[in-house]
Amino acid sequence: MKIPYANCNFVQIRQEGYFYVDKTPFIPRIENTDENHLLFLRPRRFGKSTLISTLENYYDVNKADKFDELFGGLWIHQNPTPKKNHYLVLRLDFSPVDTTGSEPDIRKSFAVQVKSAVESFIARYDKLLPALSDLNDLVRSADEDTAAVMTQLFTKVANAGRQVYLLIDEYDHFGNRLLSDGRDDVYKDLVRATGFVRSFYAALKAFTISGTLGRTFITGVSPIMLDDLSSGFNIIRHISQNDKFNDLAGFTRADVERAVDILLHDKPELANDPRISDRQVLMKTLERYYDGYRFSRFAKDRMYNSTLVLYFLGELKTSGRYPQQMLDLNVRTDYGRLYQIARSTSEQETDTRELLEEILTHESISVSLVEQFGTRLNLGRAQIASLFYYMGMLTFADDTEPEGEATLVIPNRVMRELQWQYMAFALQDHDGIRIDAGRLPGVLRTMANDGDIEPLVQLFHREVVQRLGLRETINFNEQTMKLMLFAYLSQSQMFYLMTEKEFAQGYCDLLLGLRRAGSKAKYAWIIEAKYVKTDADDHAIEKAVDEGYAQIQRYAADKDLVAMLTHGKALKAGVLVFVGLKDVLFRAWPKN
């Protein structure tokens, strides 16, 4: 099995026998929409570029003689549409636009990407349209007026009586990079009414009237730059939340099962690991970490992040083991940049932290989903939550209402762990609360290897609780302390964190499972966190401890849960009691 991780070239995937999920049944749906110019948003690394490459090769008039070779065996081969191989295809990719320089530098980099795509267009179609060669001098000039380039190009195509299918990948990438780097002023200059980005799209719109620009398909992550498109290109239709396109990108469960079956067939030696050979266990792991995305209120199926599934299977293929990091570092970096957008554009300094607190406390949030952002970047609660939805950190809940506010939930474990890490960042940024990153791994290793939690208790008391005691304005309560504890423990690679929401049997504050059966760690943990007032007497403290013991008892009696946490190793448990801001106590379970 050849795994196309980070490979989005449809031709190479098909010709060289890589694993491919057939998305061609969606081509008639795209072609038969009432509007010809579509915008499709999905989180990063969700298969959008492969989709763009598929459309490019299907509609390219120059690829008609390769239709059987490229599409043989796929659904569309037996069900071609009227517009197959009908267009001159112009593909633009704005992800390489360099945003590190000044506004003129960014404009120049944008022009480089446009002109490179136009040069490729001319080279492909100059035999079909000889007049295109007249544009070579314009394209190669130092002029950065991309609107003029588009106007000249489409005029030549119009004079020849042809049509263009325009594909734009990562339309918002350079805008997102600017915002994540805190360069709001440069971003506003780019998208202002007289900015070059808006004039570029306005030039395109002019050719939709004559039909020369026959169809447009645009992909991106967020709708932050959608205001720019709607002003310069206000014929676009946003199909991202249409249930007919819920699984246009990403993998369905059937897709993942097929990939797993092919891999296990090709690599029978993987059967030595029961977590891999037991198909049900393996599928449950993939579901827990990478499934859960529902992009429409009316969608029936939940989607897997395709890149993360391929990353996981690629690690199995090459090493024979689960990856050490369940979230690919490349994806983590992408999400980190998108999180910085929310942080830097929040209306109030603490808005993002407060939203994370709400999400992580309740594991859901109800908001009016925002589909278009203006150039005013002081984002409030609804906009930030909506941005989290587009980023893939939240998704539609099963019980969200058909109309009105949307109920959004965390889709899976990697997104939950990522949000706990962002919560730790937010606590550092807004409250100055941090734990020495150099000491945290050591105390957690002591917990896992020696079964001793006391070093963690002391570190948390000194680095967090005592510092909180010096702040007069913070609203401190049991939930605040739990959030902080979770946030800091999430930075460990020693354990994976599970919370009460993952289990229907009852409520437990913190479950620390061992990540790998073959690791040196010996102890998994169940911890109940309790809070009593600073002046609580011994009786009040013991009452809280007894309540914690009762909750732990229910979980420790669940053999399946214990097996999942420990991988056959030992279990430790106890109650962590926060006595106001004065002390942190730990009482081991069972009671001696």
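The values are calculated or read from the model by the stated rules, or taken from the named source; none is laboratory data. In this text the structure is predicted, and so the values were computed from the model without any measurement. Every residue, glycine among them, receives a Cβ derived from its backbone with ideal geometry; neighbour counts consider all protein chains shown. For the accessible areas, the whole protein counts, side chains as well, though only heavy atoms, and no ligand, DNA or RNA atoms are used. Shrake-Rupley method; radii C 1.70, N 1.55, O 1.52, S 1.80 Å.
Rolling a 1.4 angstrom probe over the protein heavy atoms with all chains in place gives the chain an accessible area of 41 Å² per residue. Each of A202, F245, G320 was placed along the dipole of the stretch 181-337 (beta-carbon charges, centred on the mean Cα), and the one lying farthest toward the positive end is A202.
Once you wrap a convex hull around the alpha carbon atoms of the stretch 18-166, what is its projected area averaged over all directions, in nm²? Walk me through the numbers on the way to the answer.
Numbers: hull surface 42.6 nm².
Orientation-averaged projected area of the Cα hull: 10.6 nm².
Counting only protein heavy atoms and a probe of 1.4 Å, the accessible surface of the stretch 1-159 is 45% carbon and sulfur. Taking label positions 7 Å along the Cα-Cβ direction at both D583 and E454, the computed distance is 1.5 nm, reported to one decimal.
Residues whose amide H lies under 5 Å from that of I168, counting only those 5 or more places away or on a different chain, are L92, F217, I218, T219; hydrogens are built 1.01 Å from N in the peptide plane. Assuming charge only on the beta carbon of Lys and Arg (+1) and of Asp and Glu (-1), the dipole of the chain about its Cα centre is about 1220 debye to the nearest 20.
Across the alpha-carbon atoms of the stretch 4-70, the computed radius of gyration and Dmax are 12.7, 36 angstrom. On the beta carbon distance between D243 and Q152, with R0 = 45 Å, the FRET formula returns roughly 0.65.
Here's the picture: charge each Lys and Arg Cβ at +1 and each Asp and Glu Cβ at -1 in the chain, and of V331, I262, W420 the one pushed furthest to the positive end of that dipole is I262.
Hey, what's the per residue convex hull volume over the C-alpha atoms of the stretch 74-147, in cubic angstrom?
On the way: hull volume 9.4 nm³, N = 74.
So the per-residue Cα hull volume is 127 Å³.
Considering only L138, Y171, Y59, whose Cα is most displaced toward the positive end of the charge dipole of the chain, charges sitting on Cβ of Lys, Arg (+1) and Asp, Glu (-1)? Going by the charge dipole, the pick is Y59.
For D184 and N592, the FRET efficiency from 1/(1 + (r/R0)^6), where r spans their Cβ atoms and R0 equals 45 Å, is about 0.15.
Where both partners of a DSSP beta bridge lie in the stretch 515-592, what percent of those bridges are antiparallel, to the nearest 5? Write down the numbers at each step before the final one.
On the way: 7 of 17 bridges.
The answer is about 40 percent antiparallel.
With +1 on each Lys and Arg Cβ and -1 on each Asp and Glu Cβ, and nothing else charged, work out how big the dipole of the stretch 546-592 is about its Cα centre, in Debye to the nearest 20. It comes to approximately 160 debye. In the stretch 260-415, Rg over Rh equals 1.05, where Rg is the alpha-carbon radius of gyration and Rh the Kirkwood radius from pairwise Cα distances. Estimated at the nearest 10 Å², the accessible area of R381 is 110 Å² with a 1.4 Å probe. Compared with the dominant principal axis of the Cα atoms in the chain, helix 478-489 is inclined by about 70°.
What number do you get for the stretch 535-592 when its Cα radius of gyration is normalised by 2.2 N^0.38 Å, N = residues?
Details: Rg = 13.5 Å, N = 58, 2.2 N^0.38 = 10.3 Å.
Computed over Cα atoms of the stretch 535-592, the ratio equals 1.31.
Relative to the longest principal axis of the Cα atoms of the chain, helix 351-362 runs at roughly 60 degrees. Shape summary: the chain maps onto an equivalent ellipsoid whose semi-axes, from the alpha-carbon gyration tensor, are 49, 28, 19 Å in decreasing order.
Percent of alpha carbon pairs in the stretch 289-374 separated by more than 19 Å? Roughly 60 percent, once rounded to a whole number.
When every alpha-carbon pair in the stretch 82-201 is counted, what percent end up more than 22 Å apart?
Working: 2653 of 7140 pairs.
Tail of the P(r) past 22 Å holds 37 percent of the pairs.
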